Amino acid sequence: QKGTTIMSSVPSSISSRLKKIPEHLRIFILFSDDDIVVIRKPPLLRSVRGIATSNHHPPDGRCDEQDKINKRANQNDVKQQDESASSQSNVTSTLMSMQDAWVHAIQFYRNNDDAVNAMNTYFEKNLEDLLKKDDKEKVETLKGHVLEVMINLASKPDEALGSISRRGTAFKKYVSRNRKTLLPSYRGAKRKRDNSADRMMLCQQEKKDHLIDDIVDIVFKILCTKKNEIYSQSTGYISTKDEESADGQLHLLTKVRDDESITKLYGILCPPVQEHPFYVIHRLDCETSGVMVVARTATTASFLSKAWRDRDRVGKKYVARVKHWPPFEDEGKTCGSIHLAVASMDNDRIKWGIKSETNGGKPCETQWKLREEETTHDFITLELTPITGRTHQLRVHCAAIGSGIIGDSLYGEYPIKFDEEASYCEKPSHILRLHAECLSFPHPSSNTVKTFVCDHGWGNE
């Protein structure tokens with residue numbers, strides 16, 4: 001997206017966080033408009049924010065290496081959290097479900113001091129953004145109401161807490177239905193009866209009151225933070241930071257205004273304002289680099305999701321490198337198709353493998369083509385086009401036909417050897433040689449096909 005920078009003066013803390021992200025783990029914006037953002041995702045960066053694990057296999061099977069980096073970066077914080085939690089309760093002494101962690105998060109704030117500390121921490125961290133929307137008086141009012149909801153919610157009997165949803169929309173409906181008990185001091189806009197229409201309407205002299213939405217939103221965010229903290233202490237999982245995912249970095253960039261140094265590092269986000277989260281349409285495995293598109297509105301997300309689901313003019317092209325490829329080396333073929341059904345492995349919740357359709361495998365097709373100009377005696381470069389979109393499809397197919405993709409820690413014969421002592425800022429010498437080079441899809445506004453290309457940048461390595 002060409003043009004002048006329209007990003008603004010950013011809180012120094014956000015700007016500093018973006019600049020501290022190592023170059024090899026930064027996204028770069030290839031294109032952006034009101035509907036979509038197209039980025040280049042580097043290898044070893046998650047597509048979306050989530051919860052990582054300290055175990056060898058992460059929950060989504062996408063990034064063993066990044067999870068280990070996360071573990072090292074957060075282990076001191078986790079230790080402090082463990083000590084703090086153990087002194088107040090034993091709720092994290094055994095493994096628990098996410099719903100259990102949610103209930104314990106609500107119970108945690110039965111101690112009024114903890115509720116006050118959590119509320120103050122949130123407002124201190126987000127004060128600048130809050131003051132952009134409201135004046136100081138309203139922010140102070142907001143603080144009082146947030147604390148009131150947290151304390152009243154925590155005071156409910158244990159048997160009632162299980163029915164409180166941890167899903168955002170449902171939680172907001174719950175608080176709204178129970179406003180009289182959770183927020184007795186709150187008074188919304190005055191109402192009067194419109195006899196002609198026989199319905200309730202707001203007084204003309206008052207603006208519509210959105211304060212209740214802000215209150216519930218803040219309470220929900222505070223509870224989610226505590227829920228993830230409790231869950232991580234119980235299971236060994238660690239909530240990822242914004243810096244550790246593609247959509248997380250985009251989220252940070254929405255807080256940047258008129259900072260040319262950030263624009264040079266990440267590209268131009270146009271327009272820069274994004275009040276709601278980005279909508280991730282598709283993902284790349286953590287180890288895989290390449291082109292990704294995210295939607296900026298719910299309408300756009302619905303349009304693109306349907307295009308992906310119906311395979312409506314959506315095209316993907318990957319580049320991969322392998323050590324051995326028998327169809328070329330033994331048979332002299334330079335192109336072909338792979339038709340092998342795949343399914344998750346019974347003895348491994350992460351890996352997928354070849355399994356016949358009669359035994360539960362899902363039909364799977366990959367077209368391949370030799371890139372002779374990028375092939376040497378050390379490696380063979382392939383252009384891969386997935387006709388279907390199964391989990392780990394390209395990696396499984398390449399492993400089934402040849403030696404697997406170079407650097408593949410799950411399926412290849414030449415996996416990545418992760419260095420436990422490697423620095424977070426140090427660019428790894430070996431990465432998965434799989435890159436999403438080209439992505440085509442219909443643009444939500446024009447309905448015309450747009451194509452975005454991004455080179456892998458491997459050279460002859």
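The values are calculated or read from the model by the stated rules, or taken from the named source; none is laboratory data. All of these numbers come straight from a predicted model, not from anything done at the bench. Reconstructed Cβ throughout: ideal geometry from the backbone, glycine too, with neighbour counts over all protein chains shown. Please note that ligands, DNA and RNA were not included when accessible areas were found on the heavy atoms of the full protein model with its side chains. Shrake-Rupley method; radii C 1.70, N 1.55, O 1.52, S 1.80 Å.
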Selection from segment 104-120 of residues that are touching a Ser or Thr at 6+ places or on another chain (Cβ under 8 Å) and either assigned to a loop (DSSP other than H, G, I, E, B) or open to solvent by 60 Å² or more (accessible area, probe 1.4 Å) (or both): Arg110
Residues in segment 369-388 that are touching a helix residue (DSSP H, G or I) at 6+ places or on another chain (Cβ under 6 Å) and not β-branched (Val, Ile, Thr) total 3
Single residue of segment 285-296 satisfying the filter (among the aliphatic types (A, V, I, L, M) and over 10 Å from Leu439 (Cβ atoms)) that is farthest from the chain's Cα centre (by Cα): Ala295
Here the qualifying pairs (Cβ atoms under 8 Å; residues six or more apart or on different chains; first in segment 392-408 and without any contact (Cβ under 8 Å) to a residue 24 or more places away in the chain; second surrounded by 23 or more Cβ atoms within 10 Å (Cβ to Cβ) and of a type outside the set (A, V, I, L, M)) come out as Ala399/Asp408
Cβ-Cβ under 7 Å pairs, at least 6 apart or on other chains, segment 375-391 side in contact (Cβ under 8 Å) with a residue 60 or more places away in the chain, far side of a type in the set (A, V, I, L, M) and not in a loop (DSSP other than H, G, I, E, B): Thr381/Val319; Leu382/Ala320; Leu382/Val322; Leu382/Leu370; Glu383/Val319; Leu384/Ala320; Leu384/Leu394; Pro386/Leu394
Options Glu229, Glu260; residue that is among the charged types (D, E, K, R) and within 23 Å of Arg26 (Cα to Cα): Glu260
Report every pair of residues separated by at least 6 positions or lying on different chains whose Cβ atoms are under 6 Å apart, first residue within segment 167-184 and in contact (Cβ under 8 Å) with a residue 12 or more places away in the chain, second open to solvent by less than 80 Å² (accessible area, probe 1.4 Å) and assigned to a loop (DSSP other than H, G, I, E, B). Phe171/Ser165
Taking segment 121-142 as the region of interest, how many residues are closer than 20 Å to Tyr186 by Cβ and either touching a His at 6+ places or on another chain (Cβ under 7 Å) or open to solvent by 50 Å² or more (accessible area, probe 1.4 Å) (or both)? 7
Filtering segment 20-30 for residues that are open to solvent by 50 Å² or more (accessible area, probe 1.4 Å) and in a strand (DSSP E or B) leaves a count of 2
Could you tell me whether segment 149-156 includes any residue that is in a loop (DSSP other than H, G, I, E, B), surrounded by fewer than 16 Cβ atoms within 10 Å (Cβ to Cβ), out of contact with any helix residue (DSSP H, G or I) (no Cβ under 6 Å at 6 or more places or on another chain) and in contact (Cβ under 8 Å) with a residue 24 or more places away in the chain? yes
Would you check if there is a residue in segment 437-457 being modelled with pLDDT under 85, in contact with a His (Cβ under 9 Å, 6 or more places away or on another chain) and open to solvent by 80 Å² or more (accessible area, probe 1.4 Å)? no
Report, by residue number, each residue of segment 352-374 that is under 18 Å from Ile406 (Cβ atoms) and buried (at least 17 other Cβ atoms within 10 Å of the Cβ). Thr366, Trp368, Leu370, Glu374
